Amino acid sequence: MFLSDFDYPLPPELIAQHPAQRRDASRVMTLNRESGAIGETVVADCAALFRPDDLLVLNDTRVIPARLFGKKSSGGKVEIFLVRREGGDSEIWSALIKASKSPSDGCVVELAEGVTATVLSRGEGEWRVRFAGFDDFHEWLERVGRLPLPPYIKREPEGADRERYQTVFARERGAVAAPTAGLHFTEELLGQIRARGTEIASLTLHVGLGTFMPVRVEALAEHTMHRESYRIPEETVAALQRTRQRGGRVIALGTTTLRALEHAASLGEIKSGPGEADIFILPGHRFRAVDALFTNFHLPKSTLFMLVCAFAGKERMLAAYAEAVQRRFRFFSYGDAMFIG
C-alpha cells in the first residue's frame, strides 16, 4: 500500500478553525460498515445510536498547556514544547525546542515566575529538559503554559479553547493533543446514553505529537509508527468481558481509544495495566476489540485516515468523505463527526 492511496481533495475552508457554538451542536455522519448506507444526525441526538447491551469506551486523558516561552541568559528567545514526562521523581521532560540557535547541553532557559529549564541532552529531534524553581509543576504549568492547538488551526489559542479543547471527562494529565471525538460529548449526552442501558468505561492514552506528524514515505511498509502510552483499568477489562458475554458491541470513542484496545488485543487477551501502543492499522487489519467507532474527520494521507479506512473499507470511506465534502461537513479537531457501526 502507498501513501497516495489515502489522499482525498479537501477545500481549505472546510477545516474548522473554531468549535461549534455548543459541544453537542456538531453534525454526525452515520456509516453502516456492512451496507455502506450513509445517514446524518446531530450530536445532541446521538444517544439513539447506542443499544442497551453496548459498551462505550472513552479516553480520559487531559491536555496540558504544553507550550512554554522563555529566554536564554544571552537574551535569545526560546520556545519549549513539552512532549512527555520521563519517569522518576524529578521534573524531567522530553521536549521540542525552538530558538534562533540550538541550545547546547547545560543551557539554562529562564521561564515565568522564576522557573528554569536546563537542557540535559539531545536525542532524535527531542531534548531532555529538567525544570526547577516551582512548588507544584502542574499548577505552575496551568498558570503560564499555552494550549497546543493543532497546526491546521491557523490562529493563536483563545480563552474559550481552555475549555473547548478539553473533554468534559478529562482527568489524567499528560496529552499534548485532545482525543477530539470526545470533544463533542456533554454530561447530558453521557447521561442519556447510560439511560439507554449502555455501559460506559474509560482508559487513558496520552495523545502525543505523532498524531500531527506527516507520513514521510510513499511505501507504507517503511513507516514507523509513533508510540503512545496507555493504561487500561481493571474495571474496563471487566466491562469488556461483560459486553462480550451478553453479545453487545464495544464502541470506541475516538481513534485513540481504538488504538489502545486493538494494541492490547493484539498481544492476546486484553489485560489491565500500562502499555505502549505502536500499532499501525491499515486495510487488512483484523479488528479484535472494537465493533463501532465514533470519530472526527481525519487529514488526507494521515495514519488516522488509514485507520478508519481499515475499519470501514478504503473505497467506502473515500466515498463517505467525498459525500462529507459535498454536504459541507466541517473537518478535523474542531469539526463534525462520524459514527461508523
Worksheet item: Can you find even one residue in region 266-281 that is at positive phi, out of contact with any Cys (no Cβ under 9 Å at 6 or more places or on another chain) and at pLDDT below 95?
Response: yes
Response to the item:
Scanning region 94-132 residue by residue, those crowded, with 19+ Cβ neighbours inside 10 Å and assigned to a loop (DSSP other than H, G, I, E, B) turn out to be 103, 107, 111, 115
Item to complete: Mind counting the residues in region 14-50 that are in a helix (DSSP H, G or I) and touching a Lys or Arg at 6+ places or on another chain (Cβ under 9 Å)?
Response: 6
Practice prompt. Mind counting the residues in region 14-31 that are out of contact with any Asp or Glu (no Cβ under 9 Å at 6 or more places or on another chain), more than 30 Å from residue 223 (Cα to Cα) and not aliphatic (A, V, I, L, M)?
Written response: 3
Worksheet item: In the set 57, 42, which member is touching a strand residue (DSSP E or B) at 6+ places or on another chain (Cβ under 7 Å), among the hydrophobic types (A, V, I, L, M, F, W, C) and within 18 Å of residue 327 (Cα to Cα)?
Response: 42
Worksheet item: Is it true that residue 265 is part of a helix (DSSP H, G or I), among the aliphatic types (A, V, I, L, M) and buried (at least 17 other Cβ atoms within 10 Å of the Cβ)?
Response: yes
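Each row is one residue, and each column tells you yes or no for (1) aromatic (Phe, Trp, Tyr); (2) crowded, with 16+ Cβ neighbours inside 10 Å; (3) more than 14 Å from the chain's Cα centre (by Cα); (4) closer than 11 Å to residue 58 by Cα.
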residue	(1), (2), (3), (4)
162	no, no, yes, no
165	yes, yes, no, no
171	no, no, yes, no
177	no, yes, no, no
188	no, no, yes, no
191	no, no, yes, no
200	no, yes, yes, yes
203	no, yes, no, yes
Worksheet item: Of these, 270, 281, which one is assigned to a loop (DSSP other than H, G, I, E, B), in the same structural domain as residue 31 (by TED's automatic domain parsing), under 20 Å from the mean Cα position of the chain (by Cα) and of a type outside the set (Phe, Trp, Tyr)?
Response: 281
Worksheet item: Among 289, 252, 322, which is more than 22 Å from residue 204 (Cβ to Cβ), in the same structural domain as residue 193 (by TED's automatic domain parsing) and either outside any loop (DSSP other than H, G, I, E, B) or aliphatic (A, V, I, L, M) (or both)?
Response: 322
Worksheet item: If you check residue 215 against the conditions, is it among the hydrophobic types (A, V, I, L, M, F, W, C), in a loop (DSSP other than H, G, I, E, B) and in contact with a strand residue (DSSP E or B) (Cβ under 6 Å, 6 or more places away or on another chain)?
Response: no
Worksheet item: Of the numbered conditions (1) within 22 Å of residue 183 (Cα to Cα); (2) touching a strand residue (DSSP E or B) at 6+ places or on another chain (Cβ under 9 Å), residue 103 satisfies every one except a single condition; which is it?
Response: (1)
Worksheet item: For residue 53, are the conditions met, namely being part of a loop (DSSP other than H, G, I, E, B) and acidic (Asp, Glu)?
Response: yes
Item to complete: Return the residue satisfying two criteria in turn: it lies in region 214-259 and is farther than 21 Å from residue 189 by Cα and of a type in the set (Gly, Ala, Ser), and of such residues it is surrounded by the fewest Cβ atoms within 10 Å (Cβ to Cβ).
Response: 247
Worksheet item: Among the residues of region 218-249 satisfying the criterion of being assigned to a strand (DSSP E or B) and at pLDDT 95 or above, which is farthest from residue 291 (Cα to Cα)?
Response: 219
Practice prompt. Give the residues of region 32-59 that are modelled with pLDDT under 95 and surrounded by 13 or more Cβ atoms within 10 Å (Cβ to Cβ), sorted by residue number.
Written response: 33, 36
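The values are calculated or read from the model by the stated rules, or taken from the named source; none is laboratory data. The structure presented is a predicted model; accordingly, all values stated were derived computationally and were not measured. Note that we place each Cβ from the backbone using ideal geometry, even for glycine, and neighbour counts take in every protein chain shown.
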